[in-house]
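In what follows, a single structure is set out as structure tokens and then discussed.
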Amino acid sequence: MDPDAGGSTAAPPPSASTAGAAAAAAAEAEAEEEGGGKQLLVVLVGPPGSGKSTFAEAVLGGSAAGRPWARVCQDTIGNGKAGTKIQCLKAVADALKEGKSVLLDRCNLEREQRADFVKLGNHVHVDVHAVVLDLPAKVCISRSVSRTGHEGNLQGGRAAMVVNRMLKNKETPSLTEGFSRIMFCKDDNDIRKAVDMYNALGPSDSLDSGVFGQNSKGPVQVGIMKFLKKSGSPAEKSSGPKVTPNKSIPQMQNRISKQENLEVGGTCTVESEKELSNSKKIEEQSRESVLSDTSSRTLAFPSISTADFQFDLDRASGIIVDAVADILQKYDNIRLVLVDLSQKSRILSLVKDKAAKKNINSSSFFTFVGDITQLQSKGGLRCNVIANAANWRLKPGGGGVNAAIYNAAGKDLQRATKECADTLRPGSSVAVPLPSTSPLHQREGVTHIIHVLGPNMNPMRPDCLKNDYTKGSKILHEAYTSLFENFVAIVQSCMGKQNTKPALEKPATAVTSPNDSKTKREYNHDSERTKKHKLVQPNTSSNLAREGDSKRSGVTTTKTWGSWAQALYELAMHPENYKNSDSILEISDDFVVLNDLYPKAKSHVLVISRRDGLDSLADVKNEHLPLLRRMHSAGVKWAQKFLEEDSSLVFRLGYHSVPSMRQLHLHIISQDFNSASLKNKKHWNSFTTTFFLDSVDVIEEIDQRGSATISSDDRVLAMELRCHRCRSAHPNIPKLKSHIASCKSSFPSHLLQKDRLLSSSTMHMDCT
């Protein structure tokens, strides 16, 4: 039995997905030849008795604007009798093939029942709308029970049970399913407007995208469509409180199963009204919670480099889809939305088509037509993070998305951006927490903006690549990858905070991490720390367990770690889960040696302690000295191996004063700093200032004093860029790197003592 066929039986021919794919292929071939305006597939959603057939007939009979319509009704599709979903799919495809817009008249209450039709519509590039007839359950039941001569023969006492069963499994449609527009009709006025709106649509007309009518507060008129179809039912002449069931209402279900003699015009008891009211309140609270959770995991982003920078649209669409597929393979709890202003946007059409061919989940990635600065207020799409197609100066100048976002966010965005970065290079991004005083934050709920810069193919703009699409495609892919990984870092950081403190509240810490100092002001750095070990999916439960871990280990610390910072801890505690990874070099009872996947130099590895409770140097005491010495020896051993391969290298072993990742780890890093992953001041200064503590000094100090001296002053990370050898100053990372490559100055004298630096000459002397 087809659960969406109103209780009627259905023969089991080929699967719906197979039929849907075949129908889509047939319709697509014809749709590509069609000219004129865009066709519509209007999916009617509602239980029996909600008025779907009446709505469809009103649109069919009243359309005078020249748009051809077809009605596909499951109750009559089998030669006048109830048919199957597969028959409906074929009928929809045939109607679209003929150039008609389609009204799909079946219940469609569950997401699964709608999915194949939405997929079919999107595949052949028609706009897919949902019209939700969201009427009180008692109205639908009363109508279903009282009607006679129904097309699908669903009437009488059995109808009440069917309606109640279907409402129990109802899932409210959302844009994530692939709809471009969703309209909720809750009373006669809403329905009249909807019918008039579709009647007035000409062949080339279109409707705005978004969600409409979901928050309507007006009382429901029980007479669903008295302006279309008169009924003598007393229930239709009465009115009652608005009740919108979304999940099961067990009290009502029990009542109907016990009293199958529900009469025409019967009313619910006062107790029933109270129960329904309470159910509605719980449902609304639950919906708000789900919406809030979804919005915090949603990124809306424009197409990068395809407007002013004139990047080829076909190439760009492929890169977008590839980058989306890559990030969704690693993280399945995020939602990505590509936004463009125009209904006729070619980039949206290309991306939608390629995403469908790649079978990307439409609930995790979809396209949206609207203003990226008004997604919630005008389009009904909630998202906390939006991306900006920025310029390299990170200034409000220019036009398009960049100007719109800066104008909408106000001066707050300029100030917040300046705190995070001064410039941006092509292929990179920077995440900026948007102050709560920003108009964009207050009006749209946007908490973060990620500036991203792609390649330029416009000869009228700086740094034009002159049609070098090999290089341009690489840079554009890097830009999207950086954007998505910055977004993941934001989501994981917010999830970590929600596990310990209310949202947006900064955790209290005895030792202040540089990443916490300005509310994670430089997410691009944190993103790389998260990326460091793609083989490790962060476990949010370990953040919750932090307090218990501290008590069990006898170590006292008040540092709160976000879920994104748990990767090293998870690997150290369970290295057996990752032993097949190429990144792991060595596993012992005391430590794990791991290649840094985003090294800041030619050779950069980590020696990670496996001792539970040692999150950072702040936790290390005299009793841990043997472990530190073994970690140091392992670091020396691996430095020696690298020197055997390249004798020109020089190594330094040390710890960050306040690390961004949980679990004590020692860096073994070559001093050439020749790496594309070294991108900003924070990266550079974390390895070349007093923030980096030499391993030999740490061991000596703990041996003498019982603990290491830790400075929580993160201002050193914002210091000017200076060469680590000659101490000359440089304005930016590229110029600094260029200087380092040719600098022949000796290292500072203090680094030449106590084996703080390891080279082929010092290792040879030690061996001698």
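The values are calculated or read from the model by the stated rules, or taken from the named source; none is laboratory data. The structure displayed is predicted, hence computed values, not measured ones. When we count neighbours, we look across all protein chains shown, and the Cβ atoms used for this are built from the backbone with ideal geometry, even at glycine. For accessibility, only protein heavy atoms count, side chains too; no ligands or nucleic acids. Shrake-Rupley method; radii C 1.70, N 1.55, O 1.52, S 1.80 Å.
With respect to Asn391, is the statement that it is part of a loop (DSSP other than H, G, I, E, B), in the same structural domain as Thr298 (by the TED database) and at positive phi true?
Here the answer is no, as Asn391 does not meet what is asked.
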| Of the conditions (1) touching a Pro at 6+ places or on another chain (Cβ under 6 Å); (2) under 25 Å from Ala708 (Cα atoms), His624 fails just one. Which one is it? | (1)
| Test for Thr54: is it outside the structural domain of Lys344 (by the TED database), assigned to a helix (DSSP H, G or I), among the polar types (S, T, N, Q) and farther than 15 Å from Gly202 by Cα | yes
| Is segment 479-492 home to any residue that is over 28 Å from Asp308 (Cβ atoms) and modelled with pLDDT of 50 or more? | yes
| segment 353-378, subset surrounded by fewer than 16 Cβ atoms within 10 Å (Cβ to Cβ) and either hydroxyl-bearing (Ser, Thr, Tyr) or without any contact (Cβ under 8 Å) to a residue 24 or more places away in the chain (or both), residue nearest to Leu313 (Cα to Cα) | Lys357
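Taking only segment 328-354 into account, find how many residues are closer than 16 Å to Leu175 by Cα and either under 14 Å from the mean Cα position of the chain (by Cα) or of a type in the set (A, V, I, L, M, F, W, C) (or both).
Final tally of qualifying residues: 7.
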| Selection from segment 298-328 of residues that are open to solvent by 50 Å² or more (accessible area, probe 1.4 Å) and more than 22 Å from Lys357 (Cα to Cα) | Ala307, Asp308, Gln310
| remark: Given the conditions (1) open to solvent by less than 30 Å² (accessible area, probe 1.4 Å); (2) modelled with pLDDT under 90; (3) within 29 Å of Ser146 (Cα to Cα), every one holds for Gly20 apart from (3)
| Any idea which of Glu151, Glu177, Glu112 is open to solvent by 30 Å² or more (accessible area, probe 1.4 Å), within 28 Å of Cys383 (Cα to Cα) and at pLDDT below 90? | Glu112
| field | Hits in segment 690-715 - residues which are of a type in the set (Val, Ile, Thr) and either modelled with pLDDT of 90 or more or under 40 Å from the mean Cα position of the chain (by Cα) (or both) | value | Thr690, Val696, Val698, Ile699, Ile702, Ile710
| message | Condition first: under 23 Å from Trp392 (Cα atoms), open to solvent by 30 Å² or more (accessible area, probe 1.4 Å), assigned to a helix (DSSP H, G or I) and in contact with a helix residue (DSSP H, G or I) (Cβ under 7 Å, 6 or more places away or on another chain). Now tell me which residues in segment 699-744 satisfy that. | response | Ala718
| task | Could you list all residues from segment 745-759 that are open to solvent by 50 Å² or more (accessible area, probe 1.4 Å) and of a type in the set (Ser, Thr, Tyr)? | result | Ser746, Ser749
| Out of all the residues in segment 379-413, which are of a type in the set (Phe, Trp, Tyr) and either more than 24 Å from the chain's Cα centre (by Cα) or open to solvent by 10 Å² or more (accessible area, probe 1.4 Å) (or both)? | Trp392
